[in-house]
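Remarks on the structure that follows.
The values are calculated or read from the model by the stated rules, or taken from the named source; none is laboratory data. The structure presented is a predicted model; accordingly, all values stated were derived computationally and were not measured. Cβ atoms come from the backbone with ideal geometry, glycine included; neighbour counts cover every protein chain shown.
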Amino acid sequence: MDVVSDAISTVRIGLPSSQRVRVDGSWCARLDPYDGAGFHIVLEGSCWLLPDGGGAPLSLGAGDAVLLPHGAGHVIADRPAGPRETERAVPFEQWDAVRATGGPGRAVGAGGRGGPGAAGAFVVPGGPGVGGGPDGAGGVEMLCGKYRLDRSRAHPLMAELPQVVHLPSRVGARPELRSAIDLLGHELGEQRPGSGIAVPGLLDLLLVYMIRSWLAEGGSGTWSAVLGDPVAAAALRALHADPAAPWTNERLAAQAGVSRPTLARRFTSLVGRPPMAYLTWWRLSLAAAALRDSEEPLAAVARRVGYASPYALSHAFSREFGTTPGRYRAQGRPETGPETPAGAVAEAGEEAGATAGVGAGAGVGMSGVGMSGVVSGGRFAG
């Protein structure tokens, strides 16, 4: 895959949730910080997004999309409400109860996955001066949703996204994003047969298009520059297309069409760590995702991510994550209960094998690169 696809796929877990909602009259809603990402798309009317922490209020009009990549807490309302109004905002988890009161707002088109609380309409019965007019006129219709994310090993491209990504509507701009929004709106509004499959797929497309749009429009950050650099981008495409290949600096430089010193200088300057160190980190990230999401044997995972043996992978994995692959897999699936004796035996074998495997090479083409770095500010700091 490519960098953006891989960056998204390794953090996405479970199914996204979404809803098409309409709110009329005076309303104000609070969404608490969330361990994932959220979005709002205005289909009709206008509203305001008020970030937590005193951020500037953001006006959203018809066709605008906003992504909150880090699940930041915020308020959405029919006006740039002050502290008194936001204190009265209906908490996210109470939207069903509020809707049942028959206040001056209504919700339509519950859809997607995740059940109540995945997204919804929020209404506060307000008085004069709180809504869009004396009669509470000026409703807004939106698509709202959430993505579940595992940030424990997020790609730095995802880590450097701003707290709020605002994509204002412009005639003729972002046709693919507009198409995804239109399709998602129809699916959520009509609940046609097959929507249970269609909606999650469209939500994944929506996330890709929003991040792609931010990058294409010069989003501030390291990775906009990385992907815009022909040398670094070519090297990353090669590594992400086949991470298990026996890469060396010489082979990767040839793939990028430059000398080895030029590749090392350009790649390290932009990405924050040398090419082979990045490859090591990415292989281990892929291994972690496979352990979390599948029952694939460790030997198969090792082959898939470019390690010569499960022992070599176990050693490198333990050094990077501070735990063995077996424990990591068990911790990622708490619903399976405590480890069985067989699991403990397998883990002991991993540890013994890892010890025996030290000095046998950490994997194909790894050049003995260590993995002590952490992600910092969208770059790697080691």
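Tell me which strands (runs of 3 or more DSSP E) are completely within the stretch 1-104 and hold 2 or more residues being over 30 Å from SER179 (Cβ atoms) and modelled with pLDDT of 90 or more, or say none if there are none. Talk me through it step by step, then tell me what you get.
Numbers: elements: 17-23, 28-31, 36-44, 47-51, 58-60, 65-68, 74-77.
So the answer is none; nothing clears 2.
Based on this model, can you work out whether THR248 counts as closer than 24 Å to LEU313 by Cα and modelled with pLDDT of 90 or more? Before you say what the answer is, go through the steps one by one.
On the way: closer than 24 Å to LEU313 by Cα: yes; modelled with pLDDT of 90 or more: yes.
Considered against the rule, which asks whether it is closer than 24 Å to LEU313 by Cα and modelled with pLDDT of 90 or more, THR248 comes out as yes.
In the set SER179, SER220, only one residue is on the phi < 0 side of the Ramachandran plot and without any contact (Cβ under 8 Å) to a residue 12 or more places away in the chain; that residue is SER179.
Scanning the stretch 261-277 for residues that are part of a helix (DSSP H, G or I) and either buried (at least 21 other Cβ atoms within 10 Å of the Cβ) or of a type in the set (Lys, Arg) (or both) returns LEU263, ARG265, ARG266, PHE267, VAL271, PRO275, ALA277.
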